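Chemist: One structure, pasted below without further comment.
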Amino acid sequence: TSGNPAVVATGSDGQVLTSAGADAVPAFEAAAAGGKVLQVVSAVDGDQTVISSTSYTSTTQDLAITPTLSTSKILVLYNGHYSCNSTSGSENQQTIVTVYRGVTDLGRGDGTGFHYNYVQSGYNSFTFSVSFLDEPETTSATTYGIYAKMLYTTNAMRFNPGGNATFTLLEIGA
C-alpha cells in the first residue's frame, strides 16, 4: 500500500526494475530490446582541403560502415575545423558544411546543410560539430562524407587546417 515499504524479489542478470504504477509493488522484468551499440568505426583525419566552389565539394573526410542489420540506425558524429578569409567586399564569406551518405545530402532541405556560417570580413577560424541519426535501411557498406561549399566563388575555405578532425559512426540496434 502507498507509503509503506514493499518487499521486492531479487532480479536476475539483464533485468530492470519496473513500476506498475501507484500502489503497486515494483517488479523485475526483461530489459527493453534495441538501442544497443552494435559497432563503432572511427578515424582522425589529418588531411587539409581548400574549397572555393559554390557546389558541394568533398573534403576527402569519408568513413564507411557496414550495418549488421537493415533496421539499424547510424549515429554520425563529426568534430572539425576550418578557416577562411573574406576579401570580397559586399560578397561576404558564407560557408556551408553538410554530410552525404553516398550521393545523398543528409542536411536540412533548405540548402544550409548541417553548418552554415556568415562572416563579414577578415580572417576567421571555426570549430564545429555534427551529430545526426541516420536510417540507411541496408546491410551494404555505406560511406558517409563531409562536404562543403562557399556561397561566393571569390572566397575560399581551408577545411581541416592542422588536421585532427574526428569522424565516428556508431551502429545502433533498433
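The values are calculated or read from the model by the stated rules, or taken from the named source; none is laboratory data. Please read these numbers as outputs of a predicted model, since none were measured by experiment. Neighbour counts run over all protein chains shown; Cβ positions are idealised from the backbone, glycine included. Note: accessible area is taken over every heavy atom of the protein model, side chains too, but ligands, DNA and RNA are not part of it. Shrake-Rupley method; radii C 1.70, N 1.55, O 1.52, S 1.80 Å.
Chemist: Working only within region 49-58, note down all residues that are of a type in the set (Ser, Thr, Tyr) and either outside any strand (DSSP E or B) or open to solvent by 70 Å² or more (accessible area, probe 1.4 Å) (or both).
Modeler: Our first condition is that a residue be of a type in the set (Ser, Thr, Tyr); within region 49-58, this holds for 49, 52-58.
Of everything in region 49-58, those that are of a type in the set (Ser, Thr, Tyr) and either outside any strand (DSSP E or B) or open to solvent by 70 Å² or more (accessible area, probe 1.4 Å) (or both) turn out to be 52, 53, 54, 55, 56.
Chemist: Applying the selection to region 144-174, what residues are of a type in the set (Gly, Ala, Ser) and buried (at least 16 other Cβ atoms within 10 Å of the Cβ)?
Modeler: Once the filter is applied, which keeps residues that are of a type in the set (Gly, Ala, Ser) and buried (at least 16 other Cβ atoms within 10 Å of the Cβ), region 144-174 yields 145, 148, 156, 165, 173.
Here is a yes/no grid of residues against (1) over 21 Å from the mean Cα position of the chain (by Cα); (2) open to solvent by less than 70 Å² (accessible area, probe 1.4 Å); (3) within 22 Å of residue 97 (Cβ to Cβ):
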| position | (1), (2), (3) |
| --- | --- |
| 29 | yes, no, no |
| 35 | no, yes, no |
| 41 | no, yes, yes |
| 44 | no, no, yes |
| 47 | no, no, yes |
| 61 | no, yes, yes |
| 65 | no, yes, yes |
| 69 | no, no, no |
| 76 | no, yes, yes |
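Chemist: Looking only at region 66-77, decide whether some residue is among the small types (Gly, Ala, Ser) and at pLDDT below 90. Write out each step before concluding.
Modeler: Let us first name the residues in region 66-77 that are among the small types (Gly, Ala, Ser), namely 70, 72.
Subsequent filtering for residues that are at pLDDT below 90 retains none.
No: region 66-77 contains no residue that is among the small types (Gly, Ala, Ser) and at pLDDT below 90.
Chemist: Kindly check whether there is at least one residue in region 93-100 that is modelled with pLDDT of 80 or more, of a type in the set (Phe, Trp, Tyr) and open to solvent by 30 Å² or more (accessible area, probe 1.4 Å).
Modeler: Checked against the condition, which is being modelled with pLDDT of 80 or more, of a type in the set (Phe, Trp, Tyr) and open to solvent by 30 Å² or more (accessible area, probe 1.4 Å), region 93-100 yields at least one hit.
Chemist: Condition first: assigned to a strand (DSSP E or B) and either closer than 16 Å to residue 77 by Cβ or in contact with a Lys or Arg (Cβ under 7 Å, 6 or more places away or on another chain) (or both). Now tell me which residues in region 91-112 satisfy that.
Modeler: 96, 97, 98, 99, 100, 101
Chemist: Residue check: is residue 57 modelled with pLDDT of 80 or more and closer than 30 Å to residue 150 by Cβ?
Modeler: yes
Chemist: While we're looking at this one, here's another question. Looking at region 120-143, which of its residues are in a strand (DSSP E or B), open to solvent by less than 50 Å² (accessible area, probe 1.4 Å) and more than 17 Å from residue 96 (Cβ to Cβ)?
Modeler: In the first step, residues of region 120-143 are kept if they are in a strand (DSSP E or B); the result is 122-134, 142-143.
Retained after the next criterion (residues that are open to solvent by less than 50 Å² (accessible area, probe 1.4 Å)): 122, 124, 126, 128, 130, 134, 142.
Matches in region 120-143: 122, 134, 142.
Chemist: Let me ask you something else. List the pairs whose first member sits in region 120-144 and is closer than 22 Å to residue 79 by Cβ, whose second member is assigned to a strand (DSSP E or B) and aromatic (Phe, Trp, Tyr), and whose Cβ atoms are under 6 Å apart, counting only residues at least 6 apart or on separate chains?
Modeler: Filtered contacts from region 120-144: 126/82; 130/78.
Chemist: Identify, from the list 39, 61, the residue that is assigned to a strand (DSSP E or B) and over 18 Å from residue 160 (Cα atoms).
Modeler: Within the list 39, 61, the selection yields 39.
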